[in-house]
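The values are calculated or read from the model by the stated rules, or taken from the named source; none is laboratory data. These figures come from a predicted structure and were not determined experimentally. Cβ placement follows ideal geometry from the backbone for every residue including glycine, while neighbour counts extend to all protein chains displayed.
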Amino acid sequence: MVLEIKKKIKYTVRRFNKQRQLWLLCIPIIIWVVIFAYVPMYGLLIAFVDYIPGMSIFDCKFVGLKHFKDFVFNPSFLLLLRNTLAMSLLSLTVGFVAPIIFALSINELPHKRYKKVIQTTSYLPHFISWVVAGSMIYMMLSNEGIVNDILMRLNLIVKPVPFLTNGKYYWVIYTLANIWKGIGWSAIIYLSAISGVDMELCEAGAMDGMGRWGMVRHVIIPTILPTIVILWILGIGGILNAGFEQHLILGNASTQNYWDVIDTYSYRYGIQLGYYSIGTAVGLMKSLIGFTLVFITNRFCRKHLGTSAF
Amino acid sequence: MKKKLISGMLCVTMVLASMVGCGKTVKVNTEKTNTSSGVFNEFGWEVPEDTLVINILDAGGYDAPTEAEKKGRENVLKYFKDKFNVELKIQYTSGDGTEAVNLALASNQYPDIVTGITYDVMKKFVSMGKAVEMTPYMDTIGKDIKDTMGEVYPLFLDSEAKLWYTPTLMGSITELPDKAAQIRYDEWLAIGSPEIKTPDDYYNALNEILKKNPTTPNGEKRYALSFYTDSGHWSDPAAFCGFWGLKNGYDINEAGDFTYWAFTEEGKEMTKYFNRFYLDGTLDPDSFVNKYEQWKTKFSNERIAGVIGEWWISYDSGHEVWQALDPDTPENKRYIHVSFKDEDAEGAYLSGKNSLGSRYTIITDKAKNPEALMKFINFQATERGLALTAWGIPNGTPIGNTGREGKFWNIDAEGKWEVDPAAKQALITETWSYDDEYYWTGAPWLFTTQSRWKDGVHCMWPNQMWYEENKWKSLMIENMEGTIYDSSAMRLMEKTDEVKIAEQAVKDAWTMNWGAAVQANTEEEFEAAWTALQNALTTAGIDKLEKAMSENYKINMEKMNK
């Protein structure tokens, strides 16, 4: 046993020595991560005390899991959870698949120049701020917006559809707005994965009579599957992140029952009211759930899809 | 070897680069200065021998300043340095100022004076021993502050009769309404100027106007009313209830017990009133979507015949815009303020005047010379001090690169002052340029009052004087008489965590549910939405808030011997 450990240590030291220049290059990054990502984590203690800004965390009254309990037993909790999960799941299904389909479609375009124009155009919404995007959506979907105007002129509706004031449309609008903004940007990684497809396999497939759909199904998708799986696993980790600024911009009083998510609640009570302990407790809880889900999903993917993030 | 050298150098450079910016701390000037010199300037300020440096954190939460505002701030700082030997170093907060102050407090990076803070934040400073007690100065170097506070001074004291803060802005102009119903004047004249005494009269008048002018000159549909829902700007049901006799959204019985509007018949009547507009199609369908700016655009485009809100919004979005675009705009093309009340209501309580203010100023434990700071704060409580703070630099300041100069008032070397006659005339005739004002204003507000001065004429707002000489203001004051009441005793300042959380939850509850009641399509739908609103409020803890409001009110009434 001791011998085995010694062997392992020796191997590690040898490997480290061999890669010492790479490790040396990594030092600044490691220092940065330690200082900016790990050291601040002591602030998580705020979740377990009644924190008062300006007072040392250690001088504040220790309350254990009180803030976690208060949040979970809060009358709004179920509503917040419903909204968060609903919008996250829509993003993880429809929102996740959309850029894959988009990347596959772009890849099928025959003209290189045309392909580039489409690709570049699709990135643009990513660079538009949510404030501007919100105004555009208001212009499109408000009661007097372009969409209602067109529908009325076509005699398809008698009175405007309250897209922005009726909560039942909110989740769909949120998902579509996210897809519109992010589809081009998110497709980049898939396009890059597709560019790594072995052309010989494609040629062999063509020789065997495979059509374009067959090529996508049997060659391209299996090749980009590890990328898809990794992104999906990481996406699962963010299941309790169902947007924030989008809701403050797209949402309004009439639809708050549908857009109020864990993050907006945490902002109102944690930051605006100055209850940092509540905000930290909610954030920590979200992170722990996300962290656990990533592990479970990773394990699932390793077992059933033969690929995983780690 | 070369590779090693390069990688080594790269590492060192990256480590050093990552460390840049670490360890920077804000230096706070804590020097004790000699504030006595025996030399007084024309403002009655004793100019200190050594420059008095005052570091201020202003929690007002401002938008990015315009060029004019930047220049104005620069001018003011220079003026204080030259005339007062006071160097003001002001940190302005953007966005939510409370967040910024909380962070400053958490990181121990706050300066000598913090102004514009909420009561809760002020209490945090006090509870941690980070605020300087002001009581010992109140009969000496702070006596102008105490005089200005007058009969409400006891309400600022804590349970041990100690004063820890001054209100950033207190007092009120008792005859000026805060909220009012407004109607397009020329159109109201055109329908025969029907009397407006009840909510129904207002409803009928607006509908009559719409019948006559259903579209704008551009062919766009017009509405009787519209709301806006920004944070900070809210079409607020609590205020609307004033037409049905409630005060600040509460029914207060003789014993001083509070009932929230959503649990009163008056609140339900008010909601049904707006639902009536909705069912008629005369309430802007985007009322619960409009941000203030979007609402303003509709208003300026003449799409809204009436508005219930702050008295000035129809100025700001109505005739001031029209007159700027077309100087030949007829004088009557504007909105006038009207008052009405439900027949069963005792009165229309539209403007609750809270003379205690809602933002506060403290001197922090970082100040090494609190007396000097107190003296400066007290200066703002004097007439000339308040004039300089609110009216801006006297005697003329260049307006950017226009070659013009602007001012609101004049002061001579002996300290004799007057409002500039041309400025006064421009304000009376409503031709005053509010954009020019930025160039000579920008002093920090540490202690100011809106109330009229001892002469009963002047006040800190240039546009709130000489009502009798301004036809439209006189009309507003006359029409809104009886709608203004003192709500100082209703102001709940001391709140437990439970009450604070309930207050936010109550706000969430009505925000989420009131709109559904207003936009109900049938009587059944309305009743269901109303019940949902009440249930949401009950779950949110409205009982805790009502109890706290009632108890606070009774204590305050006792303190004020009322």
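Restricting to region B:513-562, and then to whatever is surrounded by fewer than 16 Cβ atoms within 10 Å (Cβ to Cβ) and among the basic types (Lys, Arg), can you tell me which residue is farthest from B:Ile252 (Cα to Cα)? By that ranking, first place goes to B:Lys559.
Total residues in region B:119-170 satisfying the condition of being within 14 Å of chain A (Cβ to nearest Cβ), more than 13 Å from B:Tyr360 (Cβ to Cβ) and touching a strand residue (DSSP E or B) at 6+ places or on another chain (Cβ under 7 Å): the figure is 1. Considering the conditions (1) closer than 25 Å to B:Tyr360 by Cα; (2) at pLDDT 95 or above; (3) not assigned by TED's automatic domain parsing to the domain that holds B:Val114, B:Glu42 is excluded by exactly one of them, (1). When A:Gly243, A:Gly184 are checked against the criterion of being touching an Asp or Glu at 6+ places or on another chain (Cβ under 9 Å), small (Gly, Ala, Ser) and closer than 25 Å to A:Leu124 by Cβ, a single residue qualifies: A:Gly243. The condition of being within 14 Å of chain A (Cβ to nearest Cβ) and farther than 23 Å from B:Pro154 by Cα does not hold for B:Thr522. Note on region B:353-363: among residues that are part of a strand (DSSP E or B) and at pLDDT 90 or above, the one that is farthest from B:Lys247 (Cα to Cα) is B:Ile363.
For region B:492-511, check the following and say yes or no: at least one residue is closer than 30 Å to B:Lys424 by Cβ, assigned to a loop (DSSP other than H, G, I, E, B) and touching a residue at least 40 places away in the same chain (Cβ under 8 Å). The answer is no; no qualifying residue exists.
I'm trying to understand the selection: among the residues of region B:86-95, which are surrounded by 17 or more Cβ atoms within 10 Å (Cβ to Cβ) and either in a helix (DSSP H, G or I) or touching an Asp or Glu at 6+ places or on another chain (Cβ under 8 Å) (or both)? Across region B:86-95, the qualifying residues are B:Ile90, B:Tyr92, B:Thr93. Taking (1) within 14 Å of another protein chain (Cβ to nearest Cβ); (2) among the small types (Gly, Ala, Ser); (3) surrounded by 13 or more Cβ atoms within 10 Å (Cβ to Cβ) in turn, A:Ala98 satisfies each apart from (1). Considering B:Pro421, B:Pro444, B:Pro398, the condition of being in the same structural domain as B:Ile363 (by TED's automatic domain parsing) and touching a residue at least 60 places away in the same chain (Cβ under 8 Å) is satisfied by B:Pro444 alone.
Name the helices (runs of 4 or more DSSP H) wholly inside region B:118-192 in which the number of residues that are within 27 Å of the chain's Cα centre (by Cα) is 2 or more.
Values: elements: B:119-127, B:143-149, B:153-156, B:185-190.
So the answer is B:119-127, B:143-149, B:153-156.
Comparison of A:Ala281, A:Ala253 shows that the only residue that is surrounded by 18 or more Cβ atoms within 10 Å (Cβ to Cβ), in contact with a Gly (Cβ under 9 Å, 6 or more places away or on another chain) and without any contact (Cβ under 8 Å) to a residue 60 or more places away in the chain is A:Ala253. Restricting A:Pro28, A:Pro40 to residues that are buried (at least 18 other Cβ atoms within 10 Å of the Cβ) and part of a helix (DSSP H, G or I) narrows the list to A:Pro28.
For region B:257-278, the criterion of a residue being in contact with a strand residue (DSSP E or B) (Cβ under 9 Å, 6 or more places away or on another chain) and on the phi > 0 side of the Ramachandran plot is satisfied by no position. On the stretch given as region B:515-562, residues that are in a helix (DSSP H, G or I) and more than 18 Å from A:Asn257 (Cα to Cα) total 21. Within the bounds of region B:29-52, is there any residue that is at positive phi, surrounded by fewer than 20 Cβ atoms within 10 Å (Cβ to Cβ), touching a residue at least 40 places away in the same chain (Cβ under 8 Å) and in a loop (DSSP other than H, G, I, E, B)? Yes; the residues of region B:29-52 include at least one that is at positive phi, surrounded by fewer than 20 Cβ atoms within 10 Å (Cβ to Cβ), touching a residue at least 40 places away in the same chain (Cβ under 8 Å) and in a loop (DSSP other than H, G, I, E, B).
Let's see how each residue does on (1) among the acidic types (Asp, Glu); (2) more than 14 Å from chain A (Cβ to nearest Cβ):
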site: B:Leu283; (1), (2): no, no
site: B:Val289; (1), (2): no, no
site: B:Gln294; (1), (2): no, no
site: B:Ala305; (1), (2): no, yes
site: B:Ile313; (1), (2): no, yes
site: B:Glu320; (1), (2): yes, yes
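Within region A:53-75, the set of residues being of a type in the set (A, V, I, L, M, F, W, C) and not in a helix (DSSP H, G or I) comprises A:Met55, A:Cys60, A:Phe62, A:Val63, A:Leu65, A:Phe73. Within the set B:Lys81, B:Lys3, the sole residue that is surrounded by fewer than 18 Cβ atoms within 10 Å (Cβ to Cβ), in contact with a Leu (Cβ under 9 Å, 6 or more places away or on another chain) and at pLDDT 60 or above turns out to be B:Lys81. The condition of being part of a helix (DSSP H, G or I), of a type in the set (S, T, N, Q) and surrounded by 17 or more Cβ atoms within 10 Å (Cβ to Cβ) holds for B:Thr98. Which residues, taken from region B:209-254, are assigned to a loop (DSSP other than H, G, I, E, B) and either β-branched (Val, Ile, Thr) or away from chain A (no Cβ under 14 Å) (or both)? Answer for region B:209-254, where residues must be assigned to a loop (DSSP other than H, G, I, E, B) and either β-branched (Val, Ile, Thr) or away from chain A (no Cβ under 14 Å) (or both): B:Asn213, B:Pro214, B:Thr216, B:Pro217, B:Ala224, B:Thr229, B:Gly245, B:Leu246, B:Asn248, B:Gly249, B:Asn253, B:Glu254. If you go through region A:170-199 and pick out every residue that is more than 15 Å from the chain's Cα centre (by Cα), surrounded by fewer than 17 Cβ atoms within 10 Å (Cβ to Cβ) and within 26 Å of A:Leu85 (Cβ to Cβ), you end up with 1.
How many of the residues in region B:105-117 are outside any loop (DSSP other than H, G, I, E, B), within 14 Å of chain A (Cβ to nearest Cβ) and buried (at least 22 other Cβ atoms within 10 Å of the Cβ)? Selection size over region B:105-117: 3. The set of residues in region B:253-298 that are hydrophobic (A, V, I, L, M, F, W, C) and at pLDDT 95 or above comprises B:Phe258, B:Trp261, B:Ala262, B:Phe263, B:Met270, B:Phe274, B:Phe277, B:Leu279, B:Leu283.
Taken over region A:145-169, the criterion of being at the interface with chain B (Cβ under 10 Å from one of its Cβ atoms) and buried (at least 17 other Cβ atoms within 10 Å of the Cβ) is satisfied by A:Gly145, A:Asn148, A:Pro160, A:Pro162, A:Phe163, A:Leu164, A:Thr165, A:Gly167.
Restricting attention to region B:56-69, does a residue exist that is assigned to a strand (DSSP E or B), charged (D, E, K, R) and buried (at least 17 other Cβ atoms within 10 Å of the Cβ)? Yes, because at least one residue in region B:56-69 is assigned to a strand (DSSP E or B), charged (D, E, K, R) and buried (at least 17 other Cβ atoms within 10 Å of the Cβ). If you go through region B:193-202 and pick out every residue that is under 30 Å from B:Pro217 (Cβ atoms) and assigned to a loop (DSSP other than H, G, I, E, B), you end up with 4.
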